[in-house]
Amino acid sequence: MEKGINLRGGQLWCQKYWADIAAKINRGEVDFRWLFTHTLPLAEADKAYRMFDKKEDNVVKILLKP
């Protein structure tokens, strides 16, 4: 309170749209691959967390595939 810190928030309509967006992703209508810098199998999740923690190989976001 005494440090002049501002905290702001917002609302979004995720409950209204998430089912439609998920269906479009499943049908291949939305390409979200640009969000991820790395893709690894779920079995290598421990490796993915280590990579992210150490910021190796310019990692920003990792997609774990089952």
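The values are calculated or read from the model by the stated rules, or taken from the named source; none is laboratory data. In this text the structure is predicted, and so the values were computed from the model without any measurement. Cβ: placed from backbone, ideal geometry, glycine included. Neighbour counts: every protein chain shown.
Annotations for the structure displayed:
- Each residue in segment 28-49 was checked for being β-branched (Val, Ile, Thr), assigned to a loop (DSSP other than H, G, I, E, B) and in contact (Cβ under 8 Å) with a residue 24 or more places away in the chain, and 1 pass.
- Filter result (of a type outside the set (Phe, Trp, Tyr) and either surrounded by fewer than 10 Cβ atoms within 10 Å (Cβ to Cβ) or assigned to a helix (DSSP H, G or I) (or both)) within segment 50-60: ARG50, MET51, ASP53, LYS54, LYS55, GLU56, ASP57, ASN58
Conditions (1) farther than 26 Å from MET51 by Cβ; (2) of a type in the set (Phe, Trp, Tyr); (3) touching a helix residue (DSSP H, G or I) at 6+ places or on another chain (Cβ under 7 Å); (4) loosely packed, with under 10 Cβ neighbours inside 10 Å, marked per residue:
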{"residue": "LYS3", "(1), (2), (3), (4)": "yes, no, no, yes"}
{"residue": "ASN6", "(1), (2), (3), (4)": "yes, no, no, yes"}
{"residue": "LEU12", "(1), (2), (3), (4)": "yes, no, no, yes"}
{"residue": "ASP20", "(1), (2), (3), (4)": "yes, no, no, yes"}
{"residue": "ASN26", "(1), (2), (3), (4)": "yes, no, no, yes"}
{"residue": "LEU35", "(1), (2), (3), (4)": "no, no, no, yes"}
{"residue": "THR39", "(1), (2), (3), (4)": "no, no, no, no"}
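- Neighbours by Cβ (under 6 Å, 6+ apart or cross-chain): first from segment 5-26, at pLDDT 85 or above; second not charged (D, E, K, R): LYS24/VAL30
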